[in-house]
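Chemist: First the structure, which I've put down as structure tokens, then a few questions once you've had a look.
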Amino acid sequence: MARGIEIRDAHFPGRAPIDAYGNGGFRFADMSHRGSILCLPSGIHGWAVAADEPLTVAALQRVLDEAEQIEVLLVGTGMEIRPLSAEIRAALKQRGVRSDPMSTGAAVRTFNVLLAENRAVAAALVAV
């Protein structure tokens, strides 16, 4: 029986270092993704956030859902460092997650180092 194209949420079911970033996306695990990503214990997920929009607690819900397995969240905020709102910081702190906003490039590099050290790290990376 012929089936049509199946559209699914972008998801890589594993932890992998980020090989490259730029041109509006990321490369990891011999794949590429256009747009922002969340790198979580459950895998790498497509993330519908752009550099020009403010981050919200709702945008980080998947992070909050997996907080028990996350010690530190690196937030790559694009080309410029943007502070996290008090609401976001409080929501993360309430679940025991430390947050560190930085440029996306710095977040990618730091994520790769902490991942190689097998640390409980996650990253929310806005595409640049």
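Chemist: Test Ala48 against the stated conditions and say whether it is in contact with a strand residue (DSSP E or B) (Cβ under 9 Å, 6 or more places away or on another chain), farther than 10 Å from Val126 by Cβ, exposed (fewer than 13 other Cβ atoms within 10 Å of the Cβ) and of a type in the set (A, V, I, L, M, F, W, C).
Modeler: Details: in contact with a strand residue (DSSP E or B) (Cβ under 9 Å, 6 or more places away or on another chain): yes; farther than 10 Å from Val126 by Cβ: yes; exposed (fewer than 13 other Cβ atoms within 10 Å of the Cβ): yes; of a type in the set (A, V, I, L, M, F, W, C): yes.
Taking the combined requirement at face value, the residue satisfies it.
Chemist: Residues in the stretch 30-46 that are touching a Gly at 6+ places or on another chain (Cβ under 7 Å) and either in contact (Cβ under 8 Å) with a residue 60 or more places away in the chain or not in a strand (DSSP E or B) (or both): how many? Spell out the reasoning first.
Modeler: Initial filter on the stretch 30-46 (touching a Gly at 6+ places or on another chain (Cβ under 7 Å)): 32-35, 37, 43, 46.
Still in the list and also either in contact (Cβ under 8 Å) with a residue 60 or more places away in the chain or not in a strand (DSSP E or B) (or both): 34-35, 37.
Going through the stretch 30-46 one residue at a time, the tally reaches 3.
Chemist: In the stretch 51-70, what residues are part of a loop (DSSP other than H, G, I, E, B) and over 26 Å from Asn23 (Cβ atoms)? Working first, answer last.
Modeler: Of the stretch 51-70, the ones part of a loop (DSSP other than H, G, I, E, B) are 51-57, 66, 70.
The answer is Val57, Glu66, Ile70.
Chemist: A follow-up question, please. For the stretch 69-110, what are the residues that are free of Cβ contacts under 8 Å to residues at least 24 places away in the same chain and within 18 Å of Ile44 (Cα to Cα)?
Modeler: If the condition is that a residue be free of Cβ contacts under 8 Å to residues at least 24 places away in the same chain and within 18 Å of Ile44 (Cα to Cα), then Arg109 is the only one that fits.
Chemist: Confirm whether Arg82 is of a type outside the set (Phe, Trp, Tyr) and either within 23 Å of Ala116 (Cβ to Cβ) or in contact with an Asp or Glu (Cβ under 8 Å, 6 or more places away or on another chain) (or both). If you could, list the steps in order and put the result at the bottom.
Modeler: Values: of a type outside the set (Phe, Trp, Tyr): yes; either within 23 Å of Ala116 (Cβ to Cβ) or in contact with an Asp or Glu (Cβ under 8 Å, 6 or more places away or on another chain) (or both): no.
No; evaluated as a whole, the condition is false for this residue.
Bear in mind that the values in this text are calculations on the coordinates, not laboratory data. Note that the structure is a prediction, hence the values are computed from the model and not measured. When we count neighbours, we look across all protein chains shown, and the Cβ atoms used for this are built from the backbone with ideal geometry, even at glycine.
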